[in-house]
Amino acid sequence: MNTITNIFTQARNAGTQPISFEIFPPKGELSMESARSMAEELAKLDPSFISVTYSAGGSGNKQATAEIAAMIQDDFSVPTIAHLTCAGASEESIAAAVSDMKGRGIRNVLALRGDLPEGYKPGDFKLAKDLIPRLTEAGFCVGAAAYPEGHIDCDSMRLNVEHLKQKEDAGAEFFVSQLFFDNEYFYRFREQAEAAGITKPITAGIMPFMSKAQISRMVFMCGASLPSPIIKLLARYENDPASLRQAGIEYACRQLTDLQEHGVDGLHVYTMNNPEIARAAMCALKVALVR
């Protein structure tokens, strides 16, 4: 199965941009049947790769990440990225995760610190940059997160870009950005990253807002700014959930087509396990290309 590094290289040589999706293991009891059905719908859209988040349902679901990623590769021939967090992790637990992923034929891993769990106790890996060398030594193509508006725990954009450079120096081969709702933040961030000597591709992550509760949660979790057009949409459709959902998808599609026109390294859609979102994104991007 192809590495993400090769996918970006091939796209750049062809003058195109990788378009990818992200899904997460369902909370609670995992149904591989439902995961396979969702993956089948996404695979029909021919994404460059699909990333699978880590432990969305708690510690009992951690193995589901590798299981789903391997299933997508094996059953639908779509390259995948398995997320791996290191907050509170020990050398032994990371070694076990590495062994499991290698045994399943996974080649690409996104190294993350992850949210600090309740009762967090420091482990052998403090930050994602500490995990990256361990994964590169194991033979994985390793990526890391990028934060166009800065990490929620970091008030300085200078430090934010410095941390990104440290991840690259540690061995990160590509970056996937956190969601944002104003493309200008991403363009400024891209300029800052280039000025800092960062050369690895940064793919832009976009998530449509589907409800007022969801976007409020995302803003507080990620520190993403809400631009005026979104605030106006939230006010206009406050009592019309269906219209707000459609407006959110359309807004995300406009973000994606603008990013495409500005020649970003890649486009990553946070699908929230909804193939409808992925289909709308792909349709908008293909239409924009033939204008």
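The values are calculated or read from the model by the stated rules, or taken from the named source; none is laboratory data. Bear in mind the structure is a predicted one, so any value in this text is a computation, not a measurement. Every residue, glycine among them, receives a Cβ derived from its backbone with ideal geometry; neighbour counts consider all protein chains shown. Surface accessibility is based on the protein's heavy atoms, side chains included, excluding ligands, DNA and RNA. Shrake-Rupley method; radii C 1.70, N 1.55, O 1.52, S 1.80 Å.
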* To do: Let me know the Rg and Dmax you get for segment 4-289 when you use only its Cα atoms, in Å.
  => 18.1, 53
* Asked: At each listed q (0.08, 0.10, 0.22 Å⁻¹), what is the log10 of I(q)/I(0) that the Debye formula gives for segment 9-156 modelled as equal alpha-carbon point scatterers?
  -> -0.23, -0.36, -1.48
* **Listed residue (S228, G119, T53) projecting farthest to the positive dipole end of segment 4-289, Cβ model** => S228
* Lysine pairs in segment 4-289 with alpha-carbon atoms under 17 Å apart, 8 or more places apart or on different chains: how many are there? -> 11
* **Heavy-atom SASA rank of K167, K232 (probe 1.4 Å, accessible area, largest first)** => K232, K167
* To do: Using a/c under 1.5 as the rounded threshold, could you call segment 116-229 rounded, prolate or oblate? The axes a ≥ b ≥ c are square roots of the C-alpha gyration tensor eigenvalues, and prolate needs a/b larger than b/c, oblate otherwise.
  => oblate
* Structure fact -> Taking a probe of 1.4 Å and leaving out DNA, RNA and ligands, the chain shows per residue an accessible area in Å² of 46 Å²
* Give me the accessible area of I152, 1.4 Å probe, in Å² rounded to the nearest 10. => 80 Å²
* To do: Enumerate the calculated ³J(HN,Hα) couplings along segment 174-188 in order (Karplus 6.51 cos²θ - 1.76 cosθ + 1.60, θ = phi - 60°), each rounded to whole Hz, writing x wherever the residue is Gly or Pro.
  => 7, 10, 10, 7, 5, 4, 8, 10, 10, 4, 4, 4, 5, 5, 5
* 222 nm [θ] for the chain, helices only, -39500 (n - 2.57) per DSSP H run of 4+, per residue, to 500? -> -15500 deg cm²/dmol
* **In Hz, Karplus ³J(HN,Hα) per residue of segment 271-287 (6.51, -1.76, 1.60; θ = phi - 60°; x = Gly, Pro)** => 7, 6, 6, 10, x, 4, 5, 5, 5, 4, 5, 4, 5, 4, 5, 5, 5
* Using Cα pairs under 8 angstrom and six or more residues apart, how large is the relative contact order of the chain, in percent? -> 18 percent
* Asked: Suppose every K and R has +1 on its Cβ and every D and E has -1 on its Cβ; what is the size of the dipole of segment 4-289 about the Cα centre, in Debye to the nearest 20?
  -> 220 debye
* To do: Taking the Cα centre of segment 236-291 as origin, work out the dipole magnitude from +1 charges on Lys and Arg Cβ and -1 charges on Asp and Glu Cβ, in debye rounded to 20.
  => 160 debye
* Accessible surface of segment 4-289 [probe 1.4 Å, protein heavy atoms]: carbon and sulfur percent -> 49 percent
